[in-house]
Amino acid sequence: MSKKLFNIPLYIIATVLFGLKTYIVYRFIFEISLDNWMQEFILFVNPFASAFLVFALSVWFKERRQMKFLRYAALIGTLIIYFNLIFYRNFTDFITIPVLFQGSNAADLGSSFMSLVHIPDLLLFLDVAIIWVLSRKYPSVISAGYHKRGKTLALSVSLLFLLFNYTLAEIERPQLLQRTFDREYLVKNIGLFNYHIYDAVLQSKTKAQRVFADGNEMPEITEYVDEHVQNEEKSDMFGVAKGKNVIFISLESVQNFVINNKVNGEEITPFLNDLIDESYYFENFYHQTEQGKTSDSEFLIENSLYPLSRGAVFFTHGQNEYHASPEILGENGYFTSVFHANNKSFWNRDVMYDSLGYDKFFDVDSYEVTEDNSIGWGLKDKPFFEQSMKYLQSQQQPFYSKFITLTNHYPFDLEEEDASIDKYDSNSKTLNQYFPTVRYTDEAVEQFFKDLKESGLYENSVIVLMGDHYGISEFHNKAMGQYLGKEITPYEHIQLQRVPLFIHIPGEEGGVISEIAGQIDVKPTILSLLGIETDDDITFGTDLFAKDRKEFIALRNGDYISDDYIYTKGQCYDRKTGELLESEPTGLEQKQEDTAEGLCEPIKEKVDKELSYSDKLIYGDLFRFYDFNDEEDGQDEQNDQSDQVEQ
Ligand code: GP9
Ligand code: MN
């Protein structure tokens, strides 16, 4: 063998072999969905970027050690890929640290392990074998001593490679790392190995905060809730829907400015507009979500706790102890389920739904999804509802079932044949396309109502419809201003955070309710309608039908809406008129309370306090120290101690 032939350093050979292998696994063995060429490209780049990052470290070792390092790096890397592959074959998901060490997943895997191992898998170790042979047979040819310059160069190139990969990923999915989204997205964009590092960081941060909590904070929080949140007496509506099913429909990105409104002279939501006459309709109902979008809205409505200001609580605290409405309903004889035609791991739903106490999740695998019946994010809303009926009808009653629609999702793509109204005409393609997709969802819901009536479920079910969060961001304020015929001031921006909430109760006429309301109120409201006692619950929302309600709706960024004011960007507005309440310099004798800041300040303090209490509950996983069935004070000493030991 001539010296020339192997004049390439082994770490480069290893990068090429291992990178190529990883790419083949990503592309052809894991079922990673790729929607455009950019995603294809990123998927191709990241295996090489990650491989280079690790293998190039070998230049820092002495020559003989280089060989050893490369051999073991290739072997361990391959084992990581392989364990993920086995896990994936069983769960269509990637390994996370909590899943690996806790819960039933790992145990499930144990029993079926052998059926998940296939003979051709041996090929995955081919590059390791090649690297092994080369490093053993020709160490003197392919190893090299590197000068400082060579070492620095290798390191710089690997960091540049990584930065390039990360930049591409950030362009393709802004805020990928802050928001997490989905494990598949992470693996697709930054690769399996960086994903595991990211998962480990997330895990240790979460663990640390949990470990230092001991439940001492609970009395202060329960006292606050008792005093400032809980209603003194039950509302007149308590128990009006006792024993009824609940069908909750989460309307993707539907804001309430489309309700009873027109575009190009056409009604946008004719069905929902008519539904107002047969339901309770809350016209000043605000979404309170942040980066976790749909998952944040789910979190709010089922826990009546606030989501986090950063990241998605579904991801960061998916295995906390909760006391969510599905769990409570389960204890009261309900069957609970979610219908949503997306990957079960999106927003970590598969893990979180267990923690919330759901019995069943009908995810994308429960549906027949074809090219014809899907667009954008997947299955269109009409076939989604249609295909859900058979499952819904076969459920044990009473049930609580949540449906999450998908078609009206950014970028609001819709096929010609599905569009009943024309697009709007402005400088924002997003806003222009929004109207026909909202109409499509309106029609899908109409068809669902028809099916519910035909099946006989309608008469026996409370139907709740709610917009999950905004669809049109601030970025489109100019076009939005053009459409609404007014400038989008900070005050108007807050008003645009209103989403529709309908509660249809069989036998109840309903009516339009103008009092301020928010997603935080949904859990206590539904439980009260069903006649379920919630006196011992810890919630930050109140029954929307109660007379004596908390005085503000807090947005997750600390802005708030009260009866009189809207507080945003450090300024105080009159809620009803939108007038900016400026402090008038009327002389020295003016009291602090008369200034604009003074007007909004007292409630602002309460808002901040409440948000921080909610955060404490989540970060410390404090419900594990609390016994919701203990009538006295809930603080459970025994529970407290045993959990300390578990740490
Ligand atoms: C995805 C769907 C939409 O499953 O819930 O997510 P979003 O981006 O709106 O949070
Ligand atoms: Mn959404």
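Listing for the model above:
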{"read-out": "Between helix 105-116 and the chain: long-axis angle, C-alpha atoms, 0 to 90°, nearest 10", "value": "50 degrees"}
{"read-out": "Ordering of 571-580, 402-411, 354-363, 302-311 by packing [mean C-beta count within 10 Å, highest first]", "value": "302-311, 402-411, 354-363, 571-580"}
{"read-out": "Additional length obtainable on full extension of the chain from residue 63 to residue 37, 0.36 nm per residue less Cα span", "value": "5.3 nm"}
{"read-out": "Proximal aspartates and glutamates relative to residue 550, as straight alpha-carbon distance under 12 Å, when same-chain residues fewer than 8 apart are discounted", "value": "226, 227, 232, 515, 521, 563, 610"}
{"read-out": "Rounded to 5, percent antiparallel among DSSP beta bridges of the chain", "value": "50 percent"}
{"read-out": "Degrees between helix 37-55 axis and first principal axis of the chain (Cα, 0 to 90, nearest 10)", "value": "50 degrees"}
{"read-out": "Helix 596-619 axis, angle to the chain major axis (alpha carbon atoms, nearest 10°)", "value": "50 degrees"}
{"read-out": "Rounded if a/c under 1.5, otherwise prolate or oblate - the stretch 391-540, Cα gyration tensor axes", "value": "oblate"}
{"read-out": "Cα gyration tensor shape of the stretch 234-549, rounded if a/c is under 1.5, else prolate or oblate by comparing a/b with b/c", "value": "rounded"}
{"read-out": "The stretch 197-312: C-alpha pair distances exceeding 24 Å, %", "value": "54 percent"}
{"read-out": "Accessible carbon and sulfur surface of the stretch 4-208 relative to its total accessible area, %, 1.4 Å", "value": "69 percent"}
{"read-out": "Set of lysines with alpha-carbon distance to residue 390 below 16 Å, sequence-local pairs under 8 removed", "value": "360, 382, 402, 450, 453"}
{"read-out": "Positive-end extreme of charge dipole, the chain - chosen from 351, 337, 539 (charges on Cβ)", "value": "351"}
{"read-out": "Cβ crowding within 10 Å averaged over residues, with 332-344, 22-34 ranked highest first", "value": "332-344, 22-34"}
{"read-out": "Cross-link pairs 21/188; 21/207; 234/523; 21/68; 207/523 - those with Cα-Cα distance over 23 Å", "value": "21/207; 207/523"}
{"read-out": "Apportionment of accessible area to carbon and sulfur, the stretch 234-549, percent (1.4 Å)", "value": "42 percent"}
{"read-out": "Cα Rg, Dmax (largest Cα-Cα span) when computed across the chain, Å", "value": "27.8, 96"}
{"read-out": "Under 18 Å from the Cα of residue 137 - aspartates and glutamates, other chains or at least 8 residues apart", "value": "63, 127"}
{"read-out": "Protection-proxy order for peptides 231-243, 269-281, each taking the mean of Cβ atoms within 10 Å per residue, highest first", "value": "269-281, 231-243"}
{"read-out": "Surface accessible to a 1.4 Å probe, per residue, for the residues of the stretch 4-208, Å²", "value": "52 Å²"}
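The values are calculated or read from the model by the stated rules, or taken from the named source; none is laboratory data. Nothing here was measured: the structure is a model prediction, and the numbers come from that model. Every residue, glycine as well, gets a Cβ built from its backbone with ideal geometry; the counts of neighbours run over all protein chains shown. To get the accessible areas, we keep the full protein, side chains included, count just its heavy atoms, and leave off ligands, DNA and RNA. Shrake-Rupley method; radii C 1.70, N 1.55, O 1.52, S 1.80 Å.
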